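Okay, here's the structure, questions in a sec.
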Amino acid sequence: MFDVVIVGGGPVGACAGALLARGTRGAAGLSVALLEPRLPGPAAADARHDPRVVALSRASERLLRRAAAWSQIPPSRLSAYERMRIWHESIAPTSTAVLVFDAADVGEPNLGYIAESRALQVALLAAFVDAGGHIEAAPLTALTIGEEEVQVSTPQGTLGARLVVGADGAQSAVRAAAGLTVEARPYGQTAIVANVATERSHEATAWQRFMHDGTLAFLPLADGTSSIVWSADDSRAMSLVSLSDGAFAAELDRASDHALGRTSLVSERLSFPLMRLAAPRYVAQRVALIGDAAHVVHPLAGQGVNLGLLDAAALAQQVTNASAAREDPGALRVLRAYERWRKSEVAAMAMSIDAFDRLLAHGAGPVARLAQRGLSWVNASQEVRRFFIRRALGLSGELPEAAR
Ligand SMILES: Cc1cc2nc3c(=O)[nH]c(=O)nc-3n(C[C@H](O)[C@H](O)[C@H](O)COP(=O)(O)OP(=O)(O)OC[C@H]3O[C@@H](n4cnc5c(N)ncnc54)[C@H](O)[C@@H]3O)c2cc1C
C-alpha cells in the first residue's frame, strides 16, 4: 500500500515522483511507487547527442533543482542558450527586423537550456530513487478505483494506493481506465527532428523561422552542433523524410535561408505526427492526469515538458499539503484544486501557441500579414520584448512553490 502510485516514468511522471517523495518545506514526503516498462539507461559518455531534446525554461530549471535532479544531468547533455532569433520568411535572417530576445535585456545569464530528453528522464528517475521512491519496471494492466483506495495491476502483481497519477503520455491508459475523455485534433503536420553540424557557430542562440508551410528551429547543443525541429505540413514532411541525407541538408539550407551557413546531418532523422490534445477533466476520484496524458501542444514554442513539469509540481504541492493537514490525498476536493489551477494555465498557453501556428507558420491574408509584421514591432520596444522574455522564461502565471 502506497500513498501514491504514478503510472509512467517519462520526465513528468519521474518529476512528480521525486517531488512527492521528497516532500516540501514543512510537509513530509509520501510513499510513492512508479511504473515504467521502458526504463532508459544513461548514454555512454562519448555517445553522440540523441536527436530528441527539449528546451527547458527557468521555471523548469528551478523545480528540477528542487527535485535534486538538475545536478544529475551530465553537463555535456545540457546547453544554455542566451538568445532567440525569430523571423518570418518574408525577411532575411540578417535583417534588423529579426526579433531578438536577449537574456541580457532582463539581466539573466541565459533564457533556458536545451537538454537531451533521455538524460533529463534518467536524472529525474535517479532523483526519485534517491528520495526513497520505488520503481516497478512494468506496465499498467488494470485499474480498479474504489471508495478508499485504488488497485493498480501490473503483470507482476497489484499495488494499492490512495491516489493514482496518470503520467503515461498522450495514449494514457490511466485516462481511459478512469473514464476520462479527451479532445484530439491532428494538426496535419509532422515534426522532423535531427542533429546537424552547421558552417557558422550557433552562438548559443535558438533560431526559429516561420514559413508559409511550417516552422523550423535550430536549438544549440553543447558540442557545437544544433538540434533541428522542423514542423511541416504532412505531405511536405513525408517527402523530406524520404530524401537522401545530402538532399535533405540542401532543403534544410534553403528552408533556413542559410542562417547558419551550410548544414550536414550528424544523426538519424526522426518524425512525429503532431496532434493537439486536451482532456476536459484532469481528475476523477483518486485519479489525476499530468503532462501529455492531460494535454499535448504543438512543439513550436517548446512548451510540452515545461507545462508537464509545472503540472507535476502543482499536483505535488496540493497533495503533500493535504497529507500534512491529515486530509486524504486522493480526495476529489484536493484534486479539483490542482485541476482548476493547471487547466486554465495550460489552456492559455495552448491558445497562444495555436495562434502562432495559424498566423505565423501558416497564415495568409491581412491578419496573418499584420501578425508577421508584429514580430518586428515587438522587436522595436524593449518593454514588450521584456514581457515576452519573462513568458519564455516561464516566470509568468501562478507558479508552484517549487518553481519560485
Ligand atoms: C518534435 C517534438 C519536439 C518537442 N520539443 C519540446 C521542447 O523543446 N520543450 C518541451 O518542453 N517539450 C517539447 N516537446 C514535448 C515533450 O516531448 C512532451 O511534452 C513530453 O515528452 C511529455 O512528457 P510526459 O512524461 O508527460 O510523457 P512521455 O514522455 O510520453 O512519457 C510517458 C511515459 O509513460 C510510459 N507509459 C506509457 N504507457 C504506460 C503504461 N501502460 N504503464 C506504465 N507506463 C506507461 C512510457 O513508457 C513513457 O515513458 C516536443 C515534442 C515533440 C513531438
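The values are calculated or read from the model by the stated rules, or taken from the named source; none is laboratory data. None of these values were measured; they are calculated from a predicted model. We place every Cβ from the backbone using ideal geometry, glycine too, and count neighbours over all the protein chains shown. Please note that ligands, DNA and RNA were not included when accessible areas were found on the heavy atoms of the full protein model with its side chains. Shrake-Rupley method; radii C 1.70, N 1.55, O 1.52, S 1.80 Å.
Give the number of residues within the stretch 378-404 that are on the phi < 0 side of the Ramachandran plot, open to solvent by 20 Å² or more (accessible area, probe 1.4 Å) and either modelled with pLDDT under 90 or in contact with a Gly (Cβ under 8 Å, 6 or more places away or on another chain) (or both).
16
Answer with yes or no whether ALA92 is out of contact with any helix residue (DSSP H, G or I) (no Cβ under 8 Å at 6 or more places or on another chain), in contact (Cβ under 8 Å) with a residue 12 or more places away in the chain, within 16 Å of the ligand (Cβ to nearest atom) and at negative phi.
Considered against the rule, which asks whether it is out of contact with any helix residue (DSSP H, G or I) (no Cβ under 8 Å at 6 or more places or on another chain), in contact (Cβ under 8 Å) with a residue 12 or more places away in the chain, within 16 Å of the ligand (Cβ to nearest atom) and at negative phi, ALA92 comes out as no.
Got a sec? Which of GLU89, GLU82 is open to solvent by 30 Å² or more (accessible area, probe 1.4 Å) and in contact with a His (Cβ under 8 Å, 6 or more places away or on another chain)?
GLU89
Residue by residue through the stretch 21-53, note down the ones that are within 11 Å of the ligand (Cβ to nearest atom) and surrounded by 19 or more Cβ atoms within 10 Å (Cβ to Cβ).
LEU34, LEU35, GLU36, PRO51, VAL53
Next question, about the same structure. Return the residue satisfying two criteria in turn: it lies in the stretch 149-176 and is of a type in the set (Ser, Thr, Tyr) and within 10 Å of the ligand (Cβ to nearest atom), and of such residues it is surrounded by the most Cβ atoms within 10 Å (Cβ to Cβ).
SER172
For (1) out of contact with any His (no Cβ under 7 Å at 6 or more places or on another chain); (2) assigned to a helix (DSSP H, G or I); (3) among the hydrophobic types (A, V, I, L, M, F, W, C), each residue gets a yes or a no:
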position: LEU277; (1), (2), (3): no, no, yes
position: PRO280; (1), (2), (3): yes, no, no
position: THR320; (1), (2), (3): yes, yes, no
position: LEU335; (1), (2), (3): yes, yes, yes
position: TRP341; (1), (2), (3): yes, yes, yes
position: SER344; (1), (2), (3): yes, yes, no
position: ALA350; (1), (2), (3): no, yes, yes
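Name every residue in the stretch 1-20 that is touching a strand residue (DSSP E or B) at 6+ places or on another chain (Cβ under 8 Å), part of a helix (DSSP H, G or I) and open to solvent by 10 Å² or more (accessible area, probe 1.4 Å), in order of residue number.
PRO11
This table checks each residue for (1) under 30 Å from ALA194 (Cα atoms); (2) among the aliphatic types (A, V, I, L, M); (3) open to solvent by less than 20 Å² (accessible area, probe 1.4 Å); (4) in contact with a Phe, Trp or Tyr (Cβ under 9 Å, 6 or more places away or on another chain).
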site	(1), (2), (3), (4)
ALA278	yes, yes, no, no
PRO299	yes, no, no, yes
GLN303	yes, no, no, no
GLN317	no, no, no, yes
ARG326	no, no, no, no
LEU332	no, yes, no, no
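Sticking with this structure for a sec: Quick one: is GLU82 in contact (Cβ under 8 Å) with a residue 60 or more places away in the chain and in contact with a Lys or Arg (Cβ under 7 Å, 6 or more places away or on another chain)?
Answer is no for this residue.
Please pick out the residue among ARG276, ARG336, ARG342 that is among the charged types (D, E, K, R), under 21 Å from GLU183 (Cα atoms), in contact (Cβ under 8 Å) with a residue 24 or more places away in the chain and more than 16 Å from the ligand (Cβ to nearest atom).
ARG336
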